[in-house]
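Q: The structure that follows is given in the form of structure tokens.
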Amino acid sequence: MSKFDLSKAGFGTAAIHAGQNPDPVYGALATPIFQTSTYCFETVEEGCGKFSKQIPGFVYSRSGNPTTAALEQKIAFLEGGEACVATASGMGAIGSVLVALLKAGDHVIAGNCVYGCTSFVMHDTLAKFGVSVSFVDTSDLKAVEAAIRPETKIIYFETPTNPTMVITDIGAISELAHKHAIRVVVDNTFAPPPIQYPIKCGADISLHSVTKYLNGHGDVIGGAVVGRADDIALIRGSAMTKLCGSSPSPFNSYLVLRGMQTLELRMARHCANGAALAKWLAANPYVDRVYYPGLDGAQSELIKKQMNGFTGAMISFELKDGVNGMDSFTACKKMINALKLVSIAVSLGDPETLIQHPASMTHGNMSKEDRLAAGISDGLIRLSAGLENTEDLISDFEQAFAAI
Ligand code: PLP
């Protein structure tokens, strides 16, 4: 860690320096990429000591690597957690948490609207291992309370939800959960620091698809889990490095370290573009509904408190049925196909603004019934506001809407 007391530093300073120190061998400023699978020991005794953790150090890169360790320190520091384990993908993070913390007979309360692959794991995979799941709108505290059973071990949700942007009160859910000795796991991908700090709000675990804003450059698949040191040791030791085996490559850890140094600047620009596009879409006569935190005035106090005054850069919207005789989705396809700057792609948090159709893409593996229950209509479009100049994005949408 930096010699400067980063606990007193601003977010931007910490994002640059946390976890990163000049290399002690050559003084390299940038954290080196330790592209190695294994580590040599001077003696058998040293190897035994490192394996038994009596001597600190690395033994094999599936269980730990210096480049990845720097990334883990940075993410833990910025999230305000005791420890972090980095993973090869967001799904690697989610799988590692579930495998480590659950056993047959346990019960999970999961948000009814989550990323499509998470939904698949919750609906299909966990049942194979004897874990039952109840799906609840976690923004409804009473509904969460009613779903609690003696065997409930985890309450799992996204806030804002992907793709309906519903906000759950992390503090209120955590207070309720902890009365019943239940862990709260928040997927913080859509609102990373400096927007939202689930652990500071009371959650036990905050996890990320690092692929998105933390890396921020659209060139890495990665994940991370942050929490108490004992939970992270359990997740790393029993699940991530064993059954899941989902360690990130040192090169990807290096790219994410580099990307995270500009997280504060990027998030401010992403959020400014998100707010501007949401406002512009809401005023568009072809648009039926825009899903964006705080746009309809609902939950404004919670958003101010929990999201530190930011409203994020993810927007969903539906077009009106009947525009020029077309149903909502046909009109959407026409508009999207006419975009010249915005790319049609899944993922989010990249410099490029991305647009996609959740019902057939990110959430296409959900049953229609589950999808509609989660509020994901056939005509819903999701937009990740990138880092371009706002006027260029609006002018691209203007010409695309004119083509409907
Ligand atoms: N969580 C959320 C909210 C996501 O949107 C995604 C991917 O889109 C994931 C988790 C999975 O992350 P990854 O694609 O890095 O495995």
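Q: Just give me the residues in the stretch 332-353 being under 18 Å from LEU214 (Cα atoms), within 14 Å of the ligand (Cβ to nearest atom) and open to solvent by 10 Å² or more (accessible area, probe 1.4 Å), in sequence order.
A: VAL346, SER347, ASP350
Q: Hey, can you tell me all the residues within the stretch 75-120 that are out of contact with any helix residue (DSSP H, G or I) (no Cβ under 8 Å at 6 or more places or on another chain) and on the phi > 0 side of the Ramachandran plot?
A: GLY105, the sole residue that qualifies.
Q: Now, a different point. I'm trying to understand the selection: among the residues of the stretch 307-330, which are in contact with a Gly (Cβ under 8 Å, 6 or more places away or on another chain), open to solvent by less than 10 Å² (accessible area, probe 1.4 Å) and farther than 17 Å from HIS363 by Cβ?
A: Listed by number, the residues that qualify are GLY312, ALA313, LEU319.
Q: Could you say whether any residue in the stretch 38-61 is within 16 Å of the ligand (Cβ to nearest atom), closer than 13 Å to SER253 by Cβ, open to solvent by less than 70 Å² (accessible area, probe 1.4 Å) and not β-branched (Val, Ile, Thr)? Please lay out each step first, then the result.
A: Kept after step one, since they are within 16 Å of the ligand (Cβ to nearest atom), are these residues of the stretch 38-61: none.
No, because not a single residue in the stretch 38-61 is within 16 Å of the ligand (Cβ to nearest atom), closer than 13 Å to SER253 by Cβ, open to solvent by less than 70 Å² (accessible area, probe 1.4 Å) and not β-branched (Val, Ile, Thr).
Q: Find all pairs meeting these conditions: Cβ atoms under 6 angstrom apart; at least six residues apart or on different chains; first residue within the stretch 279-292 and touching a residue at least 24 places away in the same chain (Cβ under 8 Å) and more than 12 Å from GLU318 (Cβ to Cβ); second residue in a helix (DSSP H, G or I) and of a type outside the set (Ser, Thr, Tyr).
A: TRP280/ILE394; TYR292/ALA278
Q: Can I ask one more? Can you tell me how many residues within the stretch 177-205 are assigned to a loop (DSSP other than H, G, I, E, B), open to solvent by less than 30 Å² (accessible area, probe 1.4 Å) and more than 16 Å from the ligand (Cβ to nearest atom)?
A: Residues meeting the conditions: 4.
Q: Conditions first: (1) more than 16 Å from the ligand (Cβ to nearest atom); (2) on the phi > 0 side of the Ramachandran plot. MET165 passes all but one, so which condition is the exception?
A: Single failed check for MET165: (1).
Q: Could you look through the stretch 206-226, keep only residues that are within 13 Å of the ligand (Cβ to nearest atom) and not in a loop (DSSP other than H, G, I, E, B), and pick out the one that is farthest from ALA268 (Cα to Cα)?
A: For the stretch 206-226, the residue satisfying everything is VAL225.
Q: Can you give me the number of residues within the stretch 300-330 that are hydroxyl-bearing (Ser, Thr, Tyr) and more than 15 Å from LEU281 (Cα to Cα)? So that I can check it myself, show each step before the final result.
A: Step one: list which residues in the stretch 300-330 are hydroxyl-bearing (Ser, Thr, Tyr), which gives 300, 311, 316, 328, 330.
Filter once more, keeping what is more than 15 Å from LEU281 (Cα to Cα): 300, 311, 330.
Residues in the stretch 300-330 being hydroxyl-bearing (Ser, Thr, Tyr) and more than 15 Å from LEU281 (Cα to Cα): 3 in total.
Q: Hey, does the stretch 280-298 have a residue that's out of contact with any Gly (no Cβ under 6 Å at 6 or more places or on another chain), farther than 19 Å from ARG382 by Cα and polar (S, T, N, Q)?
A: No, the conditions are met nowhere in the stretch 280-298.
Q: What pairs come up if the first residue lies in the stretch 22-41 and is more than 18 Å from GLY64 (Cβ to Cβ), the second is assigned to a loop (DSSP other than H, G, I, E, B) and of a type in the set (A, V, I, L, M, F, W, C), and their beta carbons are under 8 Å apart, counting only those six or more places apart or on different chains?
A: Filtered contacts from the stretch 22-41: PRO22/ALA28; PRO22/LEU29.
Q: Also: Taking GLU264 and the conditions (1) touching an Asp or Glu at 6+ places or on another chain (Cβ under 7 Å); (2) open to solvent by 60 Å² or more (accessible area, probe 1.4 Å), which numbered condition does it fall short on, given that it satisfies the others?
A: The number of the failed condition is (1).
Q: Inside the stretch 131-150, can you point out the residues that are open to solvent by less than 60 Å² (accessible area, probe 1.4 Å) and in contact (Cβ under 8 Å) with a residue 24 or more places away in the chain?
A: Of everything in the stretch 131-150, those that are open to solvent by less than 60 Å² (accessible area, probe 1.4 Å) and in contact (Cβ under 8 Å) with a residue 24 or more places away in the chain turn out to be VAL131, SER132, VAL133, SER134, VAL136, THR138, SER139, VAL144, ALA147, ILE148.
Q: How many of the residues making up the stretch 99-130 are without any contact (Cβ under 8 Å) to a residue 60 or more places away in the chain, open to solvent by 10 Å² or more (accessible area, probe 1.4 Å), more than 11 Å from the ligand (Cβ to nearest atom) and of a type outside the set (Phe, Trp, Tyr)?
A: Qualifying residue count, the stretch 99-130: 10.
Q: Restricting the search to the stretch 148-162, which residues are within 16 Å of the ligand (Cβ to nearest atom), outside any strand (DSSP E or B) and either among the polar types (S, T, N, Q) or farther than 23 Å from ILE381 by Cβ (or both)?
A: Hits for the stretch 148-162 are THR159, THR161, ASN162.
Q: Quick check on my filter: what residues within the stretch 227-261 are in a loop (DSSP other than H, G, I, E, B), surrounded by fewer than 24 Cβ atoms within 10 Å (Cβ to Cβ) and either within 11 Å of the ligand (Cβ to nearest atom) or aromatic (Phe, Trp, Tyr) (or both)?
A: SER246, the sole residue that qualifies.
The values are calculated or read from the model by the stated rules, or taken from the named source; none is laboratory data. Computed from a predicted structure; not experimentally measured. All Cβ positions, even for glycine, are placed from backbone atoms using ideal geometry, and neighbour counts span all protein chains on display. Ligands, DNA and RNA are stripped out before the accessible areas are found, and what is left, the full protein with its side chains, is counted by its heavy atoms. Shrake-Rupley method; radii C 1.70, N 1.55, O 1.52, S 1.80 Å.
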